[in-house]
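Each remark here refers to the structure printed beneath this line.
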Amino acid sequence: MSMATSPQTRLLHNHSTNNFFNNNNNSFIRITAPSFKPISVKCSATAQTRTPSPPLTTAQDRVFNFAAGPATLPENVLLRAQSELYNWRGSGMSVMEMSHRGKEFLSIIQKAESDLRTLLDIPSEYSVLFLQGGATTQFAAIPLNLCTAEDTVDFVVTGSWSDKAFKEAQKYCKPKMIWSGKSEKYTKIPSFHELEQNPDAKFLHICANETIHGVEFKDYPTPKNRTGILVADMSSNFCSKPVDVSRFGIIYAGAQKNVGPSGVTIVIIRKDLIGNAQGLTPVMLDYKIHDENNSLYNTPPCYGIYTCGLVFEDLLEQGGLKEVEKKNKKKGEILYNAIDESNGFYRCPVEKSVRSLMNVPFTLEKSELEAEFIKEAAKEKMVQLKGHRSVGGMRASIYNAMPLAGVENLVAFMKKFQARHA
């Protein structure tokens, strides 16, 4: 088969032999290049039409996801986000493509804040910040903004997360652990009169709900320090029930458990506490910077904030947090009753008065059956029931978005599993 000689082919032919100068002996070296047989390459592109997969839009397509976080989201929120993904409300672009300073996204973040203020009845003397870095970043940001390096701070340690907050604070102030539940494997919360608070402490810190160990404050201690500041990590029970925000100096929460996807951290802070950061505070941890810039100092997690806004709308449509709390109490009662009425086959180690309505840890009397329990549950579309690696056992996280049917299915499965193995 003949082929027309291309410019590249002529170049090879013209340079099939070449003279190169050898600097070592001032002589020319004649190099003969190998000959190449010309070949013909034919490229063709065939247009293919891809038929999009049908979206999963029905409950039977989904599992019951008991993960501790990132966690299940309301189905109607996901479907609305799906419908608005490609073209947000006629803007011609997705929320993921918007400038965070454009009017479209400004309307999104402003409404999200407004709805959150309505949900929690947040007083006007508090700022709402949409930040990044998870609640873990706030373990450093809070002492950096509220303390000097020599200030003392009181910590009540009821589980892994409050313990981590205490340890991080040691870098930026002088924290004191005034109570710890570690010796009892974090299964209780102290009586508030037991707390020997330091009157000179800059603030009192608690974790309102311990995700790993499943203990939850049903009321909150009154700070006896000179500032009267109570700080609470509410990551895993945020917006699960009404809260008197005015009792707190700061409430902070990672969104990924109860109000949105991972990537958004919400800080509710009394305005008089802003503007006193230590000089070494990184700019991204300075509340004054974020407050002055309405959470837009740099590019925020735009899509995450948008999704949180959809969740806030959904919670309002349910009737607000009083109605949400009623639903959560019902789910918790059904699951805890199943555990307590199993004649010891299932056990929850947490003291009954402080059992979490969000995170329910439990074990099997026969621990060797736990892996089988998790495997069999997954076959029935109930996933992420394995307990945290630090404590083992099982854990069912039943946040706001977990439907009653999910808990009922889990309880039915637990009874069947017990009948087979008791």
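Please give the contour-minus-distance gain from Lys416 to Lys171: 0.36 nm per residue of separation, less the Cα-Cα distance, rounded to one decimal in nm.
That works out to 83.1 nm of additional length.
Using helices alone, what [θ] at 222 nm do you get for the chain, with -39,500 (n - 2.57) per DSSP H run of 4 or more residues, divided over all residues and rounded to the nearest 500?
-9500 deg cm²/dmol
DSSP loop (so not H, G, I, E, B), at most 11 other Cβ within 10 Å: list which GluC sites (Glu not before Pro) in the stretch 258-367 pass both filters.
Glu341
If you count only protein heavy atoms and use a 1.4 Å probe, how large is the accessible surface of Val63, to the nearest 10 Å²?
The accessible area comes out at roughly 70 Å².
Ignoring solvent entirely, what values of log10 I(q)/I(0) come out of the Debye formula for the chain at 0.09 Å⁻¹ when each Cα is a single scatterer?
Summing over Cα pairs of the chain leads to -0.63.
Name the shape class, rounded, prolate or oblate, that the alpha-carbon gyration tensor gives for the stretch 158-227, where a ≥ b ≥ c are the square roots of its eigenvalues, rounded holds for a/c under 1.5, and otherwise prolate holds if a/b is larger than b/c and oblate otherwise.
In terms of gyration-tensor shape, oblate.
Could you do me a favour and compute the accessible area per residue for the chain, 1.4 Å probe, result in Å²?
51
Give me the dipole magnitude in Debye, nearest 20, for the stretch 132-245 about the Cα centre, with unit charges on the beta carbon: positive for Lys and Arg, negative for Asp and Glu.
140
May I ask which residue of Cys173, Ser162, Ile212 lies farthest towards the positive end of the charge dipole of the stretch 148-295, with charges of +1 (Lys, Arg) and -1 (Asp, Glu) on Cβ and the Cα centre as origin?
Checking the options against the dipole of the stretch 148-295, the answer is Ile212.
Using the Cα centre as the reference, give the magnitude of the dipole from point charges on the C-beta atoms of the chain (Lys, Arg: +1; Asp, Glu: -1; all else neutral), rounded to the nearest 20 debye.
1440
From the phi of every residue in the stretch 196-204, what ³J(HN,Hα) in whole Hz does the Karplus formula 6.51 cos²θ - 1.76 cosθ + 1.60 yield, where θ is phi - 60° and glycine or proline is x?
Per residue, the Karplus-derived 3J(HN,Hα) values read 8, 6, 8, x, 9, 5, 6, 7, 10 Hz.
To the nearest 20 debye, what is the magnitude of the charge dipole of the stretch 255-301 about its Cα centre, counting +1 on the Cβ of each Lys and Arg and -1 on the Cβ of each Asp and Glu?
160
How many lysine pairs does the stretch 313-378 hold where the Cα atoms are under 26 Å apart and the two sit 8 or more places apart or on different chains?
Taking the Cα cut-off of 26 Å, the pair count is 12.
Quick one: grab the alpha carbon gyration tensor of the stretch 338-422, order the square roots of its eigenvalues as a ≥ b ≥ c, and give me rounded if a/c is under 1.5, else prolate or oblate depending on whether a/b is larger than b/c.
rounded
The values are calculated or read from the model by the stated rules, or taken from the named source; none is laboratory data. As the structure is a prediction and not an experimental result, all values here were calculated from the model. Glycine also receives a Cβ, built like all others from the backbone with ideal geometry; neighbour counts cover every protein chain displayed. Note: areas computed on protein heavy atoms with side chains; ligands, DNA, RNA excluded. Shrake-Rupley method; radii C 1.70, N 1.55, O 1.52, S 1.80 Å.
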